[in-house]
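Engineer: Provided herewith is a single structure, encoded as structure tokens, for subsequent inquiry.
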Amino acid sequence: MNLRYALIGCGRISPNHIAAAIENNLDIVALCDIVPENIDDKLSEFNLSDKTRIYTDYKEMLNKEKPQLVAIATESGKHAQIALDCIDAGCNIIIEKPITLSLEDADMIISKSKEKGVKVCACHQNRFNKSIQKIREAMEDGRFGKLFHGTAHIRWNRGENYYKQAPWRGTWEQDGGALMNQCIHNIDLLRWMMGNEIVEVMGMTDNLNHDFIEAEDLGIAIVRFANGSYGIIEGSTNIYPNNLEETLYIFGEQGTIKAGGKSVNIIEEWRFADGIDDPDEVKATYHENPLNVYGFGHNPLYADVIDAINNDRQPYITAEDGRRALELVLAIYKSASEGASVRLPMNKCSTIDFKTGNSTIDDYNFVIQ
């Protein structure tokens, strides 16, 4: 029997979730959004049957529909409470990035999901890109040798119209800035590829071109990993005149790769000392051309979560993975705010800490130590 599925939040990213649910034969029992027109658009777009019911109150939906799998695609600041309520209702969940906006909330989700025996997947779908899977295979096979450094570049454009579409965007309470919203997918990939364990982060952020939002439109950071390698992060929503690229580089003693394209979906460089594969063939085979920056990852992510539920295993991308990506972004914010490097791990931090009047240095005066 197909799993009973519901989606909470029918905004910009929701078509990818609905399409993945349909592709994976889920029984879409309900769509929920506080703006009914958002639901109507999706019902029409996907020609959903009459058995897909409409709700504006997700708690009522959970009580009446008893879904087995729920995707949460609301504004980021509401992820935590909705997720905890879904877990209490016995639902497995897929949470759009970022998993939450505070480490304490992420820890509660992790703890409660274990207590209730449900699966939680952080929706970092780019891990399922063909290009990324090929790079990960090379990493797990040790083909890079000693890792030297990796870089994540997110060079995009977001104008005022984007923020007017949803007033929560760019706020500390409900979103964060470029690093948390636009860049966290590639930040997740960098941390995952470079060994996950981080010793220290030094970051700077600024708002150069978006005086109508609270958070940053530019973030730059240096990361020191526990294995002795380093990471460089550059994220911007100021690129003229539109999105330019999202790239991931990894440099090792015996290997160099570059993944690029709209959502790190193309292998542009593939150089390994072992010579066991043809670089041109690899670049031709592991090449995708998605219509937008969301890529093709939602479908395999859903397939994996369904299999994890049916076979009682952890999803390929766990809540702990989501917490790691969140922690790195928050560490950059904290470093930028305090003008000093930040040691990891961190136990407590939230985007709210950086709202004007809350952060250690409100006007981002940097102190070199």
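The values are calculated or read from the model by the stated rules, or taken from the named source; none is laboratory data. Please read all numbers here as calculations on a predicted model, not as lab measurements. A quick note on method: Cβ atoms are made from the backbone with ideal geometry, for glycine too, and the neighbour counts reach across all protein chains shown.
Engineer: State yes or no: is Gly176 on the phi > 0 side of the Ramachandran plot, in a loop (DSSP other than H, G, I, E, B), in contact (Cβ under 8 Å) with a residue 40 or more places away in the chain and out of contact with any His (no Cβ under 6 Å at 6 or more places or on another chain)?
Structural biologist: Yes: the conditions hold for Gly176.
Rundown of residues vs (1) among the aliphatic types (A, V, I, L, M); (2) touching a Ser or Thr at 6+ places or on another chain (Cβ under 6 Å); (3) touching a residue at least 40 places away in the same chain (Cβ under 8 Å), yes/no style:
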| position | (1), (2), (3) |
| --- | --- |
| Asn207 | no, no, no |
| Tyr230 | no, no, yes |
| Ser236 | no, no, yes |
| Pro241 | no, no, yes |
| Glu253 | no, no, yes |
| Ala259 | yes, yes, yes |
| Lys262 | no, no, no |
| Glu281 | no, no, no |
| Ala284 | yes, no, no |
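Engineer: Right, something else. Would you please list the contacts, defined by Cβ atoms under 6 Å and residues six or more apart or on different chains, that run from a residue in the range 44-62 that is closer than 19 Å to Ile34 by Cα to a residue that is among the aromatic types (Phe, Trp, Tyr)?
Structural biologist: Met61/Tyr55
Engineer: Ile220 is checked against (1) crowded, with 19+ Cβ neighbours inside 10 Å; (2) β-branched (Val, Ile, Thr); (3) closer than 28 Å to Trp168 by Cβ and fails just one. What number does that condition carry?
Structural biologist: (1)
Engineer: If you don't mind, another one. Please go through the range 51-75 and give me each residue that is assigned to a strand (DSSP E or B) and either out of contact with any helix residue (DSSP H, G or I) (no Cβ under 8 Å at 6 or more places or on another chain) or more than 12 Å from Asn92 (Cβ to Cβ) (or both), ordered by number. Talk me through it step by step, then tell me what you get.
Structural biologist: Step one: list which residues in the range 51-75 are assigned to a strand (DSSP E or B), which gives 53-55, 69-72.
Passing the criteria: Arg53, Ile54, Tyr55.
Engineer: While we're on this one: Considering only residues of the range 1-26 that are more than 16 Å from Asn47 (Cα to Cα) and without any contact (Cβ under 8 Å) to a residue 60 or more places away in the chain, which is surrounded by the fewest Cβ atoms within 10 Å (Cβ to Cβ)?
Structural biologist: Only one residue tops the list, namely Met1.
Engineer: Does the range 171-190 include one or more residues that are among the aromatic types (Phe, Trp, Tyr) and either out of contact with any Lys or Arg (no Cβ under 8 Å at 6 or more places or on another chain) or within 22 Å of Ser131 (Cβ to Cβ) (or both)?
Structural biologist: The answer is no, given that none of the residues of the range 171-190 is among the aromatic types (Phe, Trp, Tyr) and either out of contact with any Lys or Arg (no Cβ under 8 Å at 6 or more places or on another chain) or within 22 Å of Ser131 (Cβ to Cβ) (or both).
Engineer: Are any of the residues in the range 31-48 assigned to a strand (DSSP E or B) and surrounded by 13 or more Cβ atoms within 10 Å (Cβ to Cβ)?
Structural biologist: yes
Engineer: Same structure, new question: Identify the single condition in (1) crowded, with 16+ Cβ neighbours inside 10 Å; (2) under 26 Å from Gly11 (Cβ atoms); (3) not basic (Lys, Arg) that Glu160 does not satisfy, given that it satisfies every other one.
Structural biologist: Condition not satisfied by Glu160: (1).
Engineer: Scan the range 239-255 and give yes if some residue there is more than 30 Å from Val118 (Cα to Cα), in a strand (DSSP E or B), β-branched (Val, Ile, Thr) and more than 18 Å from the chain's Cα centre (by Cα), otherwise no. So that I can check it myself, show each step before the final result.
Structural biologist: Narrowing the range 239-255 to residues more than 30 Å from Val118 (Cα to Cα): 239-255.
Those still in the list that are in a strand (DSSP E or B) too: 245-252, 255.
Subset that is β-branched (Val, Ile, Thr): 247, 250.
Subsequent filtering for residues that are more than 18 Å from the chain's Cα centre (by Cα) retains 250.
Among the residues of the range 239-255, at least one is more than 30 Å from Val118 (Cα to Cα), in a strand (DSSP E or B), β-branched (Val, Ile, Thr) and more than 18 Å from the chain's Cα centre (by Cα), which makes the answer yes.
Engineer: Continuing with this model, one more query. Across the range 256-270, what is the total count of residues that are surrounded by fewer than 22 Cβ atoms within 10 Å (Cβ to Cβ) and not in a strand (DSSP E or B)?
Structural biologist: Residues meeting the conditions: 2.
Engineer: Name every residue in the range 343-359 that is under 16 Å from Glu216 (Cβ atoms) and part of a strand (DSSP E or B), in order of residue number.
Structural biologist: Here is the first cut: in the range 343-359, the ones under 16 Å from Glu216 (Cβ atoms) are 349-356, 358-359.
Answer for the range 343-359, where residues must be under 16 Å from Glu216 (Cβ atoms) and part of a strand (DSSP E or B): just Ser350.
Engineer: Residues of the range 210-238 being closer than 19 Å to Phe354 by Cα and not in a strand (DSSP E or B), which ones?
Structural biologist: His210, Asp211, Phe212, Ile213, Glu214, Ala215, Glu216, Asp217
To keep it simple, each residue is scored yes or no on (1) among the β-branched types (Val, Ile, Thr); (2) modelled with pLDDT under 95.
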| position | (1), (2) |
| --- | --- |
| Leu291 | no, yes |
| Gly297 | no, yes |
| Pro300 | no, no |
| Ala308 | no, no |
| Asn311 | no, no |
| Glu320 | no, no |
| Arg323 | no, no |
| Leu326 | no, no |
| Ile332 | yes, no |
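Engineer: Between Ile99, Ile93, which is buried (at least 19 other Cβ atoms within 10 Å of the Cβ) and part of a strand (DSSP E or B)? Before you say what the answer is, go through the steps one by one.
Structural biologist: Values: Ile99 fails: part of a strand (DSSP E or B).
Exactly one residue qualifies, and that residue is Ile93.
Engineer: Here's a check for you: in the range 217-228, which residue that is in contact (Cβ under 8 Å) with a residue 60 or more places away in the chain and not hydrophobic (A, V, I, L, M, F, W, C) is nearest to Thr351 (Cα to Cα)?
Structural biologist: Taking the candidates together, the pick is Gly219.
Engineer: State the number of residues belonging to the range 120-163 that are assigned to a loop (DSSP other than H, G, I, E, B) and in contact (Cβ under 8 Å) with a residue 60 or more places away in the chain.
Structural biologist: Here the count works out to 8.
Engineer: Related question: Among the residues that make up the range 291-307, is at least one of them more than 19 Å from the chain's Cα centre (by Cα), over 30 Å from Asp353 (Cα atoms) and touching a residue at least 40 places away in the same chain (Cβ under 8 Å)?
Structural biologist: Yes: the range 291-307 contains one or more residues that are more than 19 Å from the chain's Cα centre (by Cα), over 30 Å from Asp353 (Cα atoms) and touching a residue at least 40 places away in the same chain (Cβ under 8 Å).
Engineer: Return a yes/no flag: does the range 316-332 have any residue that is in a loop (DSSP other than H, G, I, E, B) and either β-branched (Val, Ile, Thr) or closer than 19 Å to Ala21 by Cβ (or both).
Structural biologist: Yes.
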